[in-house]
């Protein structure tokens with residue numbers, strides 16, 4: 001089978017499982033409303049308002065484009081994530097094939113296609129599908145441009161790296177790799193120096209041209225140059241200050257959440273194959289292995305440094321490097337198959353046993369998404385319908401669940417956490433409603449008590465959806 005046909009089959013498998021998962025979701029998840037509102041505002045020409053939401057613009061822009069033929073923003077948000085998340089399997093397969101070989105690439109692609117954490121995020125209205133596609137494509141193009149440089153590959157690499165950065169702040173690492181590795185190759189090699197230098201200059205030029213509009217908008221808002229409006233950039237600055245001043249840094253719990261995120265991207269059954277794969281890395285050669293595993297190592301190092309000044313950790317932060325690390329269990333599985341072929345070369349049961357092992361460790365974990373999910377959030381639509389039925393259109397809904405705000409047609413904002421901040425928030429910001437769920441009543445009694453005792457808010461309205469759904473409470477500002 002040709003590589004192009006195999007890549008198409010792997011893409012189809014990844015697309016199918018993500019489409020099934022997305023179809024089974026009763027509602028998009030937290031943060032999805034921000035991207036959808038940005039897409040709506042982009043489509044309406046409200047670019048400044050959309051960018052003020054402070055997420056990087058490319059994913060919402062793609063949603064705004066996809067909603068033209070699809071006719072629905074939520075459907076477009078899922079479709080972009082599903083398609084690009086599945087498409088990311090192709091550059092990952094090509095990269096692993098170039099570094100480790102075709103069998104290892106095939107197994108890595110299966111691990112990626114059916115990884116339950118990746119499937120869940122990439123079938124939702126989140127950036128992970130688009131980001132992993134552009135990030136992995138940029139890394140694959142970096143390796144290809146170094147091995148066989150050309151001006152066309154230099155320009156394409158710049159476009160891919162810029163797209164990764166314009167999707168998430170972490171994409172700046174793709175830009176760094178796209179520039180640093182060709183510089184190292186230019187210094188190390190003596191072949192086609194002019195082509196390598198020209199390709200590098202083209203990469204720089206394309207990155208600058210593609211990122212310039214967003215960077216100039218940030219400067220117009222903040223008054224100085226910055227790479228992002230996201231809090232993670234401020235966290236890098238705080239982490240650097242802590243390092244210089246000798247501060248204590250992050251709470252140890254955030255590093256524990258980091259380890260939990262890494263574990264959720266591996267799951268228990270793959271751990272022995274990770275260990276087996278480590279022993280096989282040396283067979284790829286020093287330079288290819290250094291390039292391939294140097295990228296996730298740098299990613300993890302940058303993330304751990306940022307967490308020193310950051311107060312939040314999500315498993316989504318580690319999805320890109322862990323997608324590349326899936327090559328390790330693939331190396332372990334292929335090594336197991338080769339050892340079985342050496343020991344039992346003529347055994348008739350061996351192909352079936354190897355196939356069953358691959359099915360169990362790489363494919364079946366994705367089956368958890370073959371059923372409906374988030375059925376308890378169906379009541380969020382009822383809460384949004386109640387808000388839309390009020391005489392005046394809402395200006396803002398505060399506090400999670402954030403999905404209610406988008407469904408009600410307004411921005412979602414985070415609620416104040418103290419009575420004094422709450423009163424200032426109501427006086428100074430365009431807020432009309434505070435929403436919380438029965439889970440908050442059980443887990444955040446102080447917060448709920450603060451809202452219910454505030455004399456600037458009306459008594460809560462209880463929203464009860466279909467059986468099995470979450471009960472919501474809505475306070476309206478007087």
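Both the radius of gyration and Dmax for the chain are 24.2, 81 Å, in that order, over alpha-carbon atoms. For the pair residue 205 and residue 392, label points projected 7 Å from Cα toward Cβ lie 5.5 nm apart.
The stretch 428-451 and the stretch 2-71 have Cα centres lying 30 Å from one another. The sum of -39500 (n - 2.57) across all DSSP H runs of n ≥ 4, divided by the residue count of the chain, sets its helix-only mean residue ellipticity at 222 nm to -21000 deg cm²/dmol. Using the empirical formula 2.2 N^0.38 Å as the baseline, the Cα radius of gyration of the stretch 262-343 reaches a ratio of 1.26.
Note on residue 443 and residue 226: the extension gain reaches 74.4 nm, defined as 0.36 nm multiplied by sequence separation minus the Cα-Cα distance. Value of Rg to Rh for the stretch 26-79, rounded to two decimals, is 0.94; Kirkwood radius and Rg both from alpha-carbon coordinates. Can you pull the percent of Cα pairs in the stretch 375-476 with separation above 18 Å? In whole percent, the long-distance tail amounts to 41.
In terms of overall dimensions, the C-alpha atoms belonging to the stretch 1-148 reach 47, 36, 25 Å along their principal axes, ordered largest to smallest. Its relative contact order, with pairs defined as Cα atoms under 8 Å and 6+ residues apart, puts the stretch 289-358 at 30 percent. To the nearest ten degrees, helix 32-43 and the longest principal axis of the Cα atoms of the chain are 90 degrees apart. Computed over the stretch 171-211, the quotient of the alpha carbon radius of gyration and 2.2 N^0.38 Å is 1.18. At an R0 of 45 angstrom, the distance between the Cβ atoms of residue 192 and residue 65 translates into a FRET efficiency of 0.75. Among 96-108, 76-88, the peptide with the highest mean count of other Cβ atoms within 10 Å heads the list, and the full ranking is 76-88, 96-108.
Highest mean first, the peptides 362-372, 57-67 sorted by other C-beta atoms within 10 Å per residue fall in the order 57-67, 362-372.
A short reminder: the numbers here are calculations on the coordinates, not readings from a lab. Quick caveat, the model's predicted, so the values are computed rather than measured. Every residue, glycine as well, gets a Cβ built from its backbone with ideal geometry; the counts of neighbours run over all protein chains shown.
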